[in-house]
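Enquirer: This is the structure I have questions about; it appears just below.
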Amino acid sequence: MLERLDKLIDHINLRSKTWESPLLTPPGIVTGVAYADGDAVGAPGSFVLPYRSGLIQAAEYNDHSDQGFTVDLFLYRERPAAPVADNAPFVYTALSRDVEKQIGPRIQFLVEEDDSNVRKRTASGLAQPFYLAENCTMWYQMVFRGAGTIAASLLPSFRLTFLLDG
């Protein structure tokens, strides 16, 4: 059993690459409006990865407006079908089939570092496998858990760390 585990670890080390996404801000955020619990933060966004499959290792969320929200990040292997506008309730519709496009459970940013004027939240040890359907593109939707506002010059951002198949 241990020999098989050692071979698996060697395979992962030889064939995988750590890759970090660029710092991402959800598109379409309207600043200065009140968000309710469960509201979408911006519209769905996307970014391109160098490979179609791997593991999501960690995620970080930067709360530049220092509101202290809990934030959920939903990731998708394909573009979500149901359009969600900024500050609108985030819900899956029965016809959209978006829940089937979702990669694993949502990432919930809970652990907080409060650095006076900005807060950082991290989620690590995720080990969530994924496979992308469209041109190495991963889609995302950010959702507030709580209520608050976002100042114009203080948009939230996040970054993901991957172990990619290579």
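Enquirer: Within the range 74-88, count every residue that is of a type outside the set (Asp, Glu), buried (at least 18 other Cβ atoms within 10 Å of the Cβ) and not in a strand (DSSP E or B).
Expert: 4
Enquirer: Filter the range 120-166 for residues that are hydroxyl-bearing (Ser, Thr, Tyr) and farther than 13 Å from TYR76 by Cβ and give the result.
Expert: The answer is THR122, SER124, THR149, SER153, SER157, THR161.
Enquirer: Hey, another quick one. Collect the residues in the range 129-165 that are hydroxyl-bearing (Ser, Thr, Tyr) and touching a His at 6+ places or on another chain (Cβ under 9 Å), keeping them in residue-number order.
Expert: If the condition is that a residue be hydroxyl-bearing (Ser, Thr, Tyr) and touching a His at 6+ places or on another chain (Cβ under 9 Å), then SER153, SER157 are the ones that fit.
Enquirer: For residues in the range 96-148 being of a type in the set (S, T, N, Q) and modelled with pLDDT of 80 or more, which is surrounded by the most Cβ atoms within 10 Å (Cβ to Cβ)?
Expert: GLN141
Enquirer: May I ask you to verify whether ALA59 is hydrophobic (A, V, I, L, M, F, W, C), surrounded by fewer than 19 Cβ atoms within 10 Å (Cβ to Cβ) and part of a strand (DSSP E or B)?
Expert: Against the criterion (hydrophobic (A, V, I, L, M, F, W, C), surrounded by fewer than 19 Cβ atoms within 10 Å (Cβ to Cβ) and part of a strand (DSSP E or B)), ALA59 does not qualify.
Enquirer: Any idea which of (1) touching a Leu at 6+ places or on another chain (Cβ under 7 Å); (2) farther than 11 Å from MET142 by Cα; (3) part of a loop (DSSP other than H, G, I, E, B) is the one ILE29 doesn't satisfy?
Expert: Going through (1) touching a Leu at 6+ places or on another chain (Cβ under 7 Å); (2) farther than 11 Å from MET142 by Cα; (3) part of a loop (DSSP other than H, G, I, E, B) one by one, ILE29 breaks only (2).
Enquirer: Which members of the range 19-36 meet the condition of being of a type outside the set (A, V, I, L, M, F, W, C) and either surrounded by 13 or more Cβ atoms within 10 Å (Cβ to Cβ) or at pLDDT below 70 (or both)?
Expert: Once the filter is applied, which keeps residues that are of a type outside the set (A, V, I, L, M, F, W, C) and either surrounded by 13 or more Cβ atoms within 10 Å (Cβ to Cβ) or at pLDDT below 70 (or both), the range 19-36 yields SER21, THR25, PRO26, GLY28, THR31, TYR35.
Enquirer: Does ASP10 satisfy the condition of being under 28 Å from GLY146 (Cβ atoms) and either at pLDDT below 90 or more than 12 Å from the chain's Cα centre (by Cα) (or both)?
Expert: Considered against the rule, which asks whether it is under 28 Å from GLY146 (Cβ atoms) and either at pLDDT below 90 or more than 12 Å from the chain's Cα centre (by Cα) (or both), ASP10 comes out as no.
Enquirer: Return yes when VAL71 is in contact (Cβ under 8 Å) with a residue 12 or more places away in the chain, part of a loop (DSSP other than H, G, I, E, B) and of a type outside the set (S, T, N, Q) and no when it is not.
Expert: Taking the combined requirement at face value, the residue does not satisfy it.
The values are calculated or read from the model by the stated rules, or taken from the named source; none is laboratory data. In this text, all values refer to a predicted model and were calculated from it rather than measured experimentally. Don't worry about glycine lacking a Cβ; one is built from the backbone with ideal geometry, like all the others, and counts go over all protein chains shown.
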